[in-house]
Amino acid sequence: PAAPAGPAAPAGPAAPAASASLKEGADLTASGAQVFQGRAFDTCTAPPLSTMAAWRSSGYGAVGVYVGGRARACHQQQLTREWVRAVSDMGWRIIPVYVGSQSPCVTRESKRPFPIDIADPVSHGAEEARDAVMQARALGIVERSPVYLDMEAYAPRGPRCSEPVVSFTRGWSQELRRYGYFPGFYSSAASGITDIAEARRIGIRDLPEVVWYARWNARPALAAEPVLAAGHWTPNRRLHQYEGNVKETHGGRSMLIDRNVIDAPVAVVER
């Protein structure tokens with residue numbers, strides 16, 4: 001069913017324990033993160049377990065999973081707590097993605113009904129972070145996991161389009177840290193990533209712990225992204241989506257996927 005056009009007001013998760021909170025810029029592994037280095041794919045709908053089993057020989061080690069968000073496009077008939085545990089037991093690492101509210105200037109028409117509340121973007125970001133925590137917990141994805149906010153490409157960059165994104169993402173990041181989750185941020189290198197990188201360059205705080213940048217038709221690389229300063233979001237804090245909408249077949253099962261290389265936190269799955 002279609003999501004409402006206005007900002008949702010999800011009930012919040014239980015208040016976090018004081019010990020849950022994470023500090024911005026803290027050492028990831030010392031803070032409890034599980035870091036994966038290697039190849040990953042993401043696909044719109046969580047695949048059947050039989051497909052995930054067939055793909056174990058694919059060379060990919062992690063899978064992006066869309067855990068929630070009012071702008072999430074695909075139905076998730078397979079995605080349950082049991083699916084998450086079964087996939088984890090196969091040896092897959094899971095990258096949780098949340099497709100929340102978008103820039104007022106988002107280019108994809110299907111995302112335009114889900115704008116950030118420009119009257120109070122920080123509070124709106126925090127509100128959606130609480131919903132993301134609830135969705136992750138329901139799937140058995142627990143504290144010290146990342147959740148990656150999916151901010152689709154937007155244009156043009158500038159105060160009307162960019163400032164709501166930065167403010168919303170600050171609220172998202174603050175609240176996820178408060179609940180003990182690492183705030184991640186996915187976007188196009190040419191829009192959202194450029195704006196977040198510029199915010200960091202000028203000293204804005206409360207930014208995401210991990211960045212996942214889409215730059216297609218490029219060499220898969222984590223250290224060579226031109227919009228990211230060499231010392232920013234390192235170590236273990238980058239993902240690169242280097243190719244999109246490609247069909248691959250492994251073990252007799254075909255999927256349309258995006259290809260990624262990562263050195264970043266992945267889900268901690270409740271046992």
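The values are calculated or read from the model by the stated rules, or taken from the named source; none is laboratory data. All figures in this text were calculated on a predicted structure; none of them were measured in a lab. Cβ sites come from the backbone with ideal geometry, for glycine too, and all protein chains shown count toward neighbours.
Quick check on my filter: what residues within the range 144-160 are over 26 Å from residue 95 (Cβ atoms) and in contact with a Pro (Cβ under 9 Å, 6 or more places away or on another chain)?
160, the sole residue that qualifies.
Exactly one of these conditions fails for residue 187: (1) under 18 Å from residue 224 (Cα atoms); (2) part of a helix (DSSP H, G or I); (3) in contact with a helix residue (DSSP H, G or I) (Cβ under 7 Å, 6 or more places away or on another chain). Give me its number.
(2)
Of all the residues that make up the range 76-112, how many are within 15 Å of residue 186 (Cβ to Cβ) and charged (D, E, K, R)?
Count: 2.
Give the range 249-271 a look and list any residue that's surrounded by fewer than 16 Cβ atoms within 10 Å (Cβ to Cβ) and of a type in the set (Asp, Glu), or say none.
Restricting attention to the range 249-271, the residues satisfying the condition of being surrounded by fewer than 16 Cβ atoms within 10 Å (Cβ to Cβ) are 249-252, 254, 256, 270-271.
Passing the criteria: only 270.
If we keep just the residues of the range 191-203 that are more than 16 Å from the chain's Cα centre (by Cα) and surrounded by 16 or more Cβ atoms within 10 Å (Cβ to Cβ), which is nearest to residue 103 (Cα to Cα)?
The initial filter retains those residues of the range 191-203 that are more than 16 Å from the chain's Cα centre (by Cα), namely 194-195, 197-203.
Retained after the next criterion (residues that are surrounded by 16 or more Cβ atoms within 10 Å (Cβ to Cβ)): 194-195, 197, 199-200.
Numbers: 194: 14, 195: 12, 197: 16, 199: 16, 200: 19 Å.
In this case the residue turns out to be 195.
Sort through 150, 120 and tell me the only one that's without any contact (Cβ under 8 Å) to a residue 12 or more places away in the chain, within 22 Å of residue 199 (Cβ to Cβ) and acidic (Asp, Glu). Give the derivation first.
Values: 150 fails: without any contact (Cβ under 8 Å) to a residue 12 or more places away in the chain.
Being without any contact (Cβ under 8 Å) to a residue 12 or more places away in the chain, within 22 Å of residue 199 (Cβ to Cβ) and acidic (Asp, Glu) holds for just one of 150, 120, which is 120.
Has the range 221-231 got any residue that is surrounded by fewer than 24 Cβ atoms within 10 Å (Cβ to Cβ) and within 25 Å of residue 21 (Cα to Cα)?
Scanning the range 221-231, I find at least one residue that is surrounded by fewer than 24 Cβ atoms within 10 Å (Cβ to Cβ) and within 25 Å of residue 21 (Cα to Cα), so the answer is yes.
Hey, could you check the range 151-184 for residues that are of a type in the set (Asp, Glu) and assigned to a helix (DSSP H, G or I) and say which is nearest to residue 124 (Cα to Cα)? Break it down into steps so the answer makes sense when it comes.
So the first thing to find is which residues in the range 151-184 are of a type in the set (Asp, Glu), and the list is 152, 163, 175.
Keeping just the survivors that are assigned to a helix (DSSP H, G or I) gives 163, 175.
Working: 163: 14, 175: 11 Å.
This residue is 175.
Looking at the range 146-164, which of its residues are surrounded by fewer than 17 Cβ atoms within 10 Å (Cβ to Cβ) and small (Gly, Ala, Ser)?
First pass over the range 146-164, keeping only residues surrounded by fewer than 17 Cβ atoms within 10 Å (Cβ to Cβ): 155-156, 158-160.
Once the filter is applied, which keeps residues that are surrounded by fewer than 17 Cβ atoms within 10 Å (Cβ to Cβ) and small (Gly, Ala, Ser), the range 146-164 yields 155, 158.
If we keep just the residues of the range 45-63 that are touching a residue at least 60 places away in the same chain (Cβ under 8 Å) and part of a loop (DSSP other than H, G, I, E, B), which is farthest from residue 177 (Cα to Cα)?
At the first step, the residues of the range 45-63 found to be touching a residue at least 60 places away in the same chain (Cβ under 8 Å) are 47, 50-51, 53-58, 62.
Remaining after also requiring part of a loop (DSSP other than H, G, I, E, B): 47, 58.
On the way: 47: 29, 58: 34 Å.
Result: 58.
If I ask for residues that are out of contact with any helix residue (DSSP H, G or I) (no Cβ under 7 Å at 6 or more places or on another chain) and farther than 17 Å from residue 212 by Cα, which ones from the range 82-105 would you list?
As a first pass, look at the range 82-105 and keep what is out of contact with any helix residue (DSSP H, G or I) (no Cβ under 7 Å at 6 or more places or on another chain): 82, 84-85, 88-89, 93, 95, 97, 99.
82, 84, 85, 88, 89 - these are the residues of the range 82-105 that are out of contact with any helix residue (DSSP H, G or I) (no Cβ under 7 Å at 6 or more places or on another chain) and farther than 17 Å from residue 212 by Cα.
Suppose we filter the range 82-132 for residues that are over 17 Å from residue 142 (Cβ atoms) and outside any strand (DSSP E or B); how many remain?
Just the residues of the range 82-132 that are over 17 Å from residue 142 (Cβ atoms), to begin with: 90-91, 99-128.
Still in the list and also outside any strand (DSSP E or B): 90-91, 99-101, 103-105, 107-114, 116-128.
Adding up the residues that qualify gives 29.
Has the range 83-92 got at least one residue that is within 23 Å of residue 177 (Cα to Cα) and touching a Pro at 6+ places or on another chain (Cβ under 6 Å)?
No, the range 83-92 has no match at all.
So residue 171 passes all but one of these: (1) at pLDDT below 95; (2) buried (at least 19 other Cβ atoms within 10 Å of the Cβ). Which condition number does it fail?
In the conditions (1) at pLDDT below 95; (2) buried (at least 19 other Cβ atoms within 10 Å of the Cβ), residue 171 misses (1) alone.
Take the residues of the range 204-214 that are in contact with an Asp or Glu (Cβ under 7 Å, 6 or more places away or on another chain) and more than 18 Å from residue 99 (Cα to Cα): which is surrounded by the most Cβ atoms within 10 Å (Cβ to Cβ)?
206
Do the conditions hold for residue 55, that is, is it farther than 25 Å from residue 211 by Cα, buried (at least 21 other Cβ atoms within 10 Å of the Cβ) and at pLDDT 95 or above? Don't jump to the end; show me each part of the working.
Values: farther than 25 Å from residue 211 by Cα: yes; buried (at least 21 other Cβ atoms within 10 Å of the Cβ): yes; at pLDDT 95 or above: yes.
Yes, satisfied.
Got at least one residue in the range 134-141 being closer than 30 Å to residue 252 by Cα, at pLDDT 95 or above and either crowded, with 21+ Cβ neighbours inside 10 Å or of a type outside the set (Gly, Ala, Ser) (or both)? Please lay out each step first, then the result.
Start the filter on the range 134-141 by keeping residues that are closer than 30 Å to residue 252 by Cα, which leaves 139-141.
Filter again for at pLDDT 95 or above, leaving 139-141.
Filter once more, keeping what is either crowded, with 21+ Cβ neighbours inside 10 Å or of a type outside the set (Gly, Ala, Ser) (or both): 139, 141.
Scanning the range 134-141, I find at least one residue that is closer than 30 Å to residue 252 by Cα, at pLDDT 95 or above and either crowded, with 21+ Cβ neighbours inside 10 Å or of a type outside the set (Gly, Ala, Ser) (or both), so the answer is yes.
Would you please list the contacts, defined by Cβ atoms under 8 Å and residues six or more apart or on different chains, that run from a residue in the range 249-271 that is touching a residue at least 12 places away in the same chain (Cβ under 8 Å) and under 27 Å from residue 137 (Cα atoms) to a residue that is of a type in the set (Lys, Arg) and surrounded by 24 or more Cβ atoms within 10 Å (Cβ to Cβ)?
Matching pairs, first to second residue: 263/237; 264/237.
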